[in-house]
Every structure is written in C-alpha cells, then in structure tokens.
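Have a look at the structure below before the remarks.
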Amino acid sequence: MPLDAWFTLAVIVAVLALLVRGRFSPAVVIFGGAVTLLVLGVISAEEAFSGFSNAAPITVAALYVVAAGVEKTGALTPLMQSTLGERGTYRRPLLRTLGPTVAASAFLNNTPIVAMLIPQVTAWARRRGVAVSKLLMPVSFAAILGGLLTVIGTSTNLVVSGQMRSLGMGEMTFFEVGKLGLPIALVGLVLLVVLAPKLLPDRRSAHAEMEEEGRRFTVEMTVAPGGPVDGKTVAEANLRHLQGLFLASVDRGDTTIAPVRPETVLRGGNRLHFVGSADRVVELQEIRGLRSAELAHVIDLNDPSVRYFEAVVGTRSPLVGRTLSEVGFRSTYQAAVLGIHRSGQLVEGRFGQIRLRVGDTLIVVSDPGFRERWRDRADFLLVADLDGTPPVTTSRAWIPVALLLAVVVLAATGLVPILHGALVAALVLIATRVLSALEARRAIDIEVLVVIASAFGLAAAMQQSGLAESLAQGLVDLFGGWGERGVLLGLALATIVLTELVTNNAAALLMVPIAVQAATTAGLDERGAVIAVAVSASASFLSPIGYQTNMMVYGPGGYRFTDYARLGWLLSAVVLVCVVGLVPFLW
C-alpha cells in the first residue's frame, strides 16, 4: 500500500479504538480523525470538510425538526394509543404495536416514536402484570426495521445517498432501499411476534424493581435541629416500626451508625437513610421533625404537582463518569434521583457517590415541566413519565402531518428533492409557531450531524489514498471463493460488526468506499453493493450500543447487555440472507 494508505489506516484504527472505548464524544473523535488526515496531507481541505457542504447532514437536520413537530403536537398519539389493545398477553399486542411502529419509522426519525411508546408500553405491561422486557426490545427492533423501507427512514440511508451522489452514482430514489428492506422488515416482523415472547427473558423495569423490591429503595431524611425528633431515640421518635420502611443507618457526619438500634439518639443535622417502597415516601414527609435531604430543590412529594420520570443517560450526556454530587444534580436539574437502575437491577449504595454510566436509568422526582426542559437535551437519551401518559393531541397536529405527507409525495414522485421539501417543512413549522426557533434548534442532534459530515472526510481519505481498494481486495480474496454472493456476505458481515462497535452512520460511510471497490473487482453492481451496506449498517440488533433506540429501551426494559443477542442474532441472520440472496437479482 502507498504511504498515504498506511497513514489513513493508522488514523482510522485509532478512531475506531477511541469510539469503542467511549471516553470521548464520537463527533470529536471522527472530526479529529479528519483533521489529522488533513494535516498529514492525505486529503485536501475540500475533501476533509466535504461533508459539511453535502446535502445529507442538512436533510437530516431538517427532518429532525419535522419529527419534533409531530412529537410535540401528539400527531401520532391516536395511532399509538390504539395499538396494544386489552386482549392477549404478548403476541396480539405485539402485532398491533409493531406494525404501526414499522410504518411510522419508514417516514419519521424513529427516536421520538420509541420515546412515545416506552411509557405507554410500560404502563400497559404493568396493568396486565406481564414482563415489559418481552415488549420494549421488539419495539426498538421494529423501529429499526421500519427505517429500512425509505430513504428518509433513517439518517444512515440519507448519508449513504449523499455519498452515492458524491461518487457520481446518483442519489437513492425514495423507495429504492425498500426493495431490499421490505422483505427484511416483513420476515423480521414475523420473527418478533412469534419468537420474542419465547426468547426474551422476564426482566423487571426500574419502576417495577422499585415497587416490588422496595427494601432496596433508599430515601434520605435530615433531622431538623431543635425539632420534635432532635434528642429523641429512634424508638421515641416512632421510627422503629414504620410500615413498609426500614431505618437502615444514621449518618452523623463523622461516623455512621448501622445497624440502627432502638436506643440510638437522633441529633439535629443527622442524615437518616431509609429503605422501603416508593409509595411510602410521602409518609416520611409527614413526620414532624424530619426534612427531606434528597428533595432539597423539589417541592414535597405529597404535592399533586409532583411527577415521577425515567431518565436514561446517553452516550453524550455530561453525567457519564460523574457522580450526582459532582454535577450538583438537584440544583442543576431541579429534580431528585430516587433510584438508579443498571443492567437489570437497582444499584446499591448512596446515589451521590455512584459514578453514572451510559445506559443507566434514573428514577427522578420533579415538577411536571421536567420532561419539557430536558427531553431534547444531550443530558438524557430519554425522559418518560412513569405513569405512561401519552402526549396530548393538539389542534395543530394536522400541520406537521400534512407537511410530512407533502415531503414524502413530492420526493417519491421526483417533483421536489427531499432536501428542498424538508427545509421548507421545517421553516413552515417555525413560521406557524408549531415549534419555536429554540425548540427547532434543540430538536437537531448536532452531534450526529458533525459525525456524518466528518466521516465524509475519512471516507474520502480511504478512497484517495488507495486504502479502500486494498481493503476491498483483501475482502474479495477472503470471500471471493464463494463468488459475488460471498463478497456481499463479507461486506454485510463487516458492516454489521462495525456498526455494533461505532455509530451506524460512521460505519456506513467507512464501508461505502470499500463496497464500491469490492463490487468493481468482483463484478457486482456498485449500486446494489452500496445499498447492501446501508441496510447492514442500520441492522443493529446485537447490542444496546449500536443504535440509539436500543439504548433507550435498555433501562426501562430492565435488560442486560447479552439479552439483545438472544433475539438479535436471528434478525441479523435475516439481513445477511436477504442481502446475499436478493441483491444480485434486484440490482
């Protein structure tokens, strides 16, 4: 390989290693990789930053705004509310839910769809006494399958379409990816309905854990100096035999008393740690002489305006790797953390000293405005009401729906490019005050846009340096013995593995140059090979980290990391079979 190819390979390996470790933002890592290749002289400034002038990131941004309009107005609420029904335990409700999810995800960003469904599905499962873990992962997978049907179904399709244009291949037509995606979605839907109830384990959500294993739920109260409890023993203060609550320890500041004896004397400023069920917290608020230490910046729990929420920590959250004390959670978010759910179970210990991880689900109590304040921010991947209350449909719900339909029809008929239609739709939503300018800006995931734009530079370096050609030749040598279908198998496998390690958009952009070169060498249609990469990059079913909706259901479903592969390997196998079997016939 040429020297530039070795430089490019070293930078890309470093980028992938940093992405897998997850210590830095994907946008920073990939942008840094593009800048490094620019400084090394592998690519020009125009090539390094070509993605920032490409239509794909702008189209993705505009469609984020349209999806936000649909979500805010509750336009999908009537459709999603009627999905589960009240008959059946798993399969019939699954079928009624997954079908509309696939259809909606073909035209909308799947993140708000899954965010809308999580609280509703959780509340339904709680009412019916069934395991929510049997339902939420299929919802995420169905949203992914729906994204395979149209060019706007997922940002990956738009990204690959933009790269196809830059390579002189012409953009994807609106339903072109659906020629391969539709069979995958149909077979996948059947597998989800039939096998998910059997293959997925019974797991309890964070909320269920707090209700059913209340002895592991911690509440901290402070003895008011000079109050009715100050100077009394635990027994005299009537804290010994509380129904559903247990006084686990007393923190005096310089020492901690545990276990607590009936004769232990309570002093002003002592911090009392209770464990018990969530519905008993109000009783502690009513004990004179005790003040809530956890709710210093939140109104009392017995106030009717208090609400409970699930908040999932995402990859871009400033909370990752830090404790609640370090970020000043109560004052920063005007909320208190009542429980931390991680890998299928509640975390033990004092919450203020626990370092948060990606995928942690926080049970928080706050005022009703908490969700609106934080749902479009990087701090949380998902903010959902624990009561499962869906968004209310407003009188303006028809506006974003009409605009979306117009974008779809005009783009599908070729009358107006997707970019033009999406931008006009976004501007109309702001002009009609369906969304404010601030809401529109918050709806756009800048991190994703920077990843997409920067990855164009890495892809250009792979192509210009000859690295893509070398890697493609290696892939053909390895799988070429099985003919063109072997090459397709190698491309799909490599893309699926890569998308589970890094972001799906970055995986697609890195694999497209290799797919083009491999197709040329193996005698495949270049267009078919590239679309196979687009579909494989979106087919993230093996882990929670490969796709955003998988991470969104991770905590609320009470899943463990390995649960995804139980069902996901079958869907991944469907993708591989369809790619290998159908691409040579379709392109």
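FYI, it's all coordinate maths here, none of it is from the lab. Model, not experiment: these values are computed from the prediction. Counting neighbours? That spans all protein chains shown, and the Cβs are built from the backbone with ideal geometry, glycine included.
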According to a simple spin-label model (label point 7 Å from Cα along Cα-to-Cβ), what is the distance in nm between residue 236 and residue 28? 5.5
Translational D (Stokes-Einstein, µm²/s) of the chain at 4 °C and 1.567 mPa s when Rh comes from the Kirkwood sum over C-alpha pairs? 51
For segment 317-347, list residues with backbone N below 14 Å from a point placed 7 Å from the Cα of residue 357 toward its Cβ? 320-322, 340-347
Where Rh is the Kirkwood radius over Cα pairs, Rg/Rh for segment 313-383: 0.92
Divide by every residue of the chain the summed helix terms, -39500 (n - 2.57) for each DSSP H run of at least 4, and state the resulting mean residue ellipticity at 222 nm, rounded to the nearest 500 deg cm²/dmol. -17000 deg cm²/dmol
Between residue 255 and residue 40, what FRET efficiency follows from the Cβ-Cβ distance if R0 is 56 Å, with the result rounded to 0.05? 0.40
Nitroxide proxy distance, nm - points 7 Å out along Cα→Cβ at residue 190 and residue 165: 3.7
In the neighborhood of residue 332, defined by Cβ-to-Cβ distances under 13 Å, what is the net charge if each Lys or Arg adds +1 and each Asp or Glu adds -1? +2
Among 407-413, 578-584, the order from most to least packed when residues are scored by Cβ within 10 Å on average: 578-584, 407-413
Ranked by how many other beta carbons lie within 10 Å on average, peptides 308-316, 365-373, 106-114 from highest: 106-114, 308-316, 365-373
Applying a 10 Å radius around every beta-carbon, put 487-498, 124-135, 257-268 in order of their mean neighbour count, most first. 487-498, 124-135, 257-268
With +1 on the Cβ of every Lys and Arg and -1 on the Cβ of every Asp and Glu, and nothing else charged, how large is the dipole of the chain about its Cα centre, in debye rounded to the nearest 20? 1100
Between residue 331 and residue 286, what FRET efficiency comes out of the Förster formula 1/(1 + (r/R0)^6) with R0 = 22 Å and r the beta carbon distance, rounded to 0.05? 0.30
Could you work out how far the C-alpha centroid of segment 552-575 sits from that of segment 431-470, in angstrom? 27
Using the Cα centre of segment 313-383 as the reference point, and only Cβ charges (+1 on K/R, -1 on D/E), how large is the resulting charge dipole? Debye, rounded to the nearest 20. 140
Using Cα-Cα distances under 8 Å and only pairs 6 or more residues apart, what relative contact order does the chain have, in percent? 22
